[in-house]
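K.L.:
Once you've had a glance at the structure underneath, I'll fire off some questions.
Where a number appears in this text, it was derived from the coordinates with a stated rule and is not lab data. Source: prediction; values computed, not measured. Cβ coordinates were reconstructed from backbone atoms using ideal geometry, including for glycine residues, and neighbour counts include every protein chain displayed.
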Amino acid sequence: MKRISLLIIAIASMALLMAGCGLFGADTDSKNQANAGQTAVQQEKPKEKVNLVTPKEGIPVLMYHKVGPDKDNDAVIAEDLFRKQMKFLKDNGYHPLTMEQLYAYVTKGDKVPEKPVVLTFDDGYADTYSIVYPVLKEYGFAGTVFINPGDIGTRLTWDQVREMKKGCMTIANHGFNHVEMGQLSEQEQYENIKKGQDALAKEVGIDNNMWFCFPYGDTNEYSQAAAKKAGIKMAMMMKSGWAHEGDNPYNILRVWVGNAVDLQHFEERLNTMHYSDI
Ligand SMILES: [Zn+2]
């Protein structure tokens, strides 16, 4: 009898775990990330009524790097400001999208929840796990981390990456090594992407990762072919702008966010693709 109750508890806990991504509104990721178990349990969705739209004006794809105290680096954002920005998104009804939702919008014009935004975090810093992940989890926001598998062990561990994936963050490839791919041949670029794909498959169980982010946003005329050959369907750049229906999915523009982007500039960057330079 005791054994049966334990078994029931075990099954119930597993079901809760597997339903997790659905709760966070990122259930489409389970299909993408080839975790068949996650689709097995249907979870009742939150009651919020969300209108679906095809935003003609485009979608801002926010680009974050490190979250922390370094003041002299443009690419860094203080924890306090980052938290305020996420709270702003929550309080103002923004809906962070998964990569899959963004891809369906860009390539097919699929509808997305109103006030869409995409949250991307490059490089896989230790604070992506210690600060970003808990905040996104708290708000139920989808987010994507682009990691360099060759750097795992220096800032993040594979265990932390696996935990973030389990907690519904999308883990994607930023190249095995963080190199300027625009300096490389098609074969060399392919190898850097493929090696990253293989590491994600082996270590995190993502054997059909389709999302890539070019390190430094650096590309040349071979980059798209190399990415395609490695199974990539969509790639982020560092050039500024919003993503639109019909864009080349291998050239997704993003919105820079760092310390200079205070709440006022943040709001502007969410409201118009013609935001001011700072
Ligand atoms: Zn990077």
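K.L.:
Would you mind checking Lys56/Lys194; Lys66/Lys194; Lys84/Lys194 for any pair whose Cα atoms are more than 30 angstrom apart?
P.N.:
In this structure, Lys56/Lys194; Lys84/Lys194 exceed 30 Å between Cα atoms.
K.L.:
Can you pull the one-decimal nm distance between simple spin-label points at Lys137 and Glu79, each 7 Å off the Cα toward Cβ?
P.N.:
If labels sit at Lys137 and Glu79, their model points lie 1.5 nm apart.
K.L.:
Test of the criteria: in the stretch 48-150, which GluC sites (Glu not before Pro) are in a DSSP loop and have at most 10 other Cβ atoms within 10 angstrom of their Cβ?
P.N.:
Those satisfying the criteria are Glu48, Glu57.
K.L.:
Same structure again: What is the diffusion coefficient of the stretch 46-271 in µm²/s, taking the Kirkwood radius over Cα pairs and the Stokes-Einstein relation at 37 °C with a viscosity of 0.692 mPa s?
P.N.:
Value of D from the Cα-based Kirkwood radius: 187 µm²/s.
K.L.:
In addition: Taking 0.36 nm per residue of separation and subtracting the Cα-Cα distance, what length does fully extending Lys87 through Glu48 add?
P.N.:
Using 0.36 nm per residue and subtracting the Cα-Cα distance, I get 12.3 nm.
K.L.:
Excluding same-chain residues fewer than 8 positions from Lys195, which lysines have a Cα within less than 19 Å of its Cα?
P.N.:
Lys228, Lys229, Lys233
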